[in-house]
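Before any comments, here is the structure.
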Amino acid sequence: MLEDGDKGVIIQRDKQTYAVAPHIPCGMVTPALLRKLADVAEKYPCQAMKITSAARIALIGVEEKDVDAIWADLQMDPGGVVGLCVRSVKACPGTQYCKRGQQDSLSLGMQLDAKYHGLEMPGKMKLGVSGCPNQCAETGYKDIGLFGTPKGWRVLVGGNGGPKPRIADLVATDVSTEEALDLVDRIVAYYRANAKPRERMGRMIDRLGLEHLKQSLGLKPS
């Protein structure tokens, strides 16, 4: 019996079948990728296909004996669905496609995904990038979130859902894309240096104080 995370699978409610959730950076797909997923789902077959909250397409209810063959046919990396790591980077269409976009959230999200997806962390981490203050990528509920304005990016830290939800704190405004990427690097480094095992970003901030984080990162105090 496989455990959650083994071979990139999640055991299902029946304790006998598994979900396979390949990594789909920022939810961007092609017709060819959709055909491949559909072909694999029919070949093995799975009980259901589900677009997840992390913008993946999970193949649900597959047999253990088929897991290796499914990954071989998909030729895709597993999504970071379990474990103490960067689980996902969620991004809205931004200025590439959305009439309300004020910054290119999709390009920034792809850069963050390429750098951080699956990276080991003290606790689980989720990132979000929204192209405007509407925050369609649920930026205010992410461990690290960014949203666009006409003057640049606003950077948020410490958001999460779960039994004790927390709204993220604003730590920077009107920063360029290059400055935003550098700030995310420094926030991640701060988190890895200061968080307790399994402690989310927001709980670490509650314990150490937002001003401690800002001072450590060289940001303006509140």
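Against the numbered list (1) more than 20 Å from the chain's Cα centre (by Cα); (2) at pLDDT 95 or above, residue 89 comes up short only at (1). Here the stretch 189-198 is the region considered, the condition is being out of contact with any Lys or Arg (no Cβ under 9 Å at 6 or more places or on another chain) and in contact (Cβ under 8 Å) with a residue 40 or more places away in the chain, and the residue that is least open to solvent (accessible area, probe 1.4 Å) is 191. Annotation note: Cβ proximity below 6 Å between a residue of the stretch 139-150 that is closer than 16 Å to residue 106 by Cα and open to solvent by 10 Å² or more (accessible area, probe 1.4 Å) and a residue that is assigned to a helix (DSSP H, G or I) and basic (Lys, Arg) (sequence gap 6+ or interchain) occurs for no pair. Taking the condition modelled with pLDDT of 95 or more, of a type in the set (A, V, I, L, M) and over 24 Å from residue 5 (Cβ atoms), does residue 170 pass? Answer is yes for this residue. So, residue 69, is that one touching a Phe, Trp or Tyr at 6+ places or on another chain (Cβ under 9 Å), more than 30 Å from residue 121 (Cβ to Cβ) and of a type in the set (Gly, Ala, Ser) or not? Yes. Of all residues in the stretch 193-213, those being over 17 Å from the mean Cα position of the chain (by Cα) and in a helix (DSSP H, G or I) number 12. Evaluated against (1) farther than 16 Å from residue 202 by Cβ; (2) open to solvent by 10 Å² or more (accessible area, probe 1.4 Å); (3) not aliphatic (A, V, I, L, M), residue 126 falls short on exactly one condition, (1).
Listed by first and then second residue, the pairs with beta-carbon distance under 6 Å, at least 6 apart or on different chains, first residue in the stretch 155-168 and under 12 Å from residue 145 (Cβ atoms), second among the hydroxyl-bearing types (Ser, Thr, Tyr) and open to solvent by 10 Å² or more (accessible area, probe 1.4 Å), are 159/141. Residue 183 fulfils the conditions (1) closer than 20 Å to residue 161 by Cβ; (2) in a helix (DSSP H, G or I); (3) of a type outside the set (Val, Ile, Thr) except for a single criterion, (1).
The values are calculated or read from the model by the stated rules, or taken from the named source; none is laboratory data. None of these values were measured; they are calculated from a predicted model. So basically every Cβ, Gly included, is an ideal-geometry build from the backbone, and we count neighbours across all protein chains shown. Side chains are part of the model used for accessible areas, which takes the heavy atoms of the whole protein and leaves out ligands, DNA and RNA. Shrake-Rupley method; radii C 1.70, N 1.55, O 1.52, S 1.80 Å.
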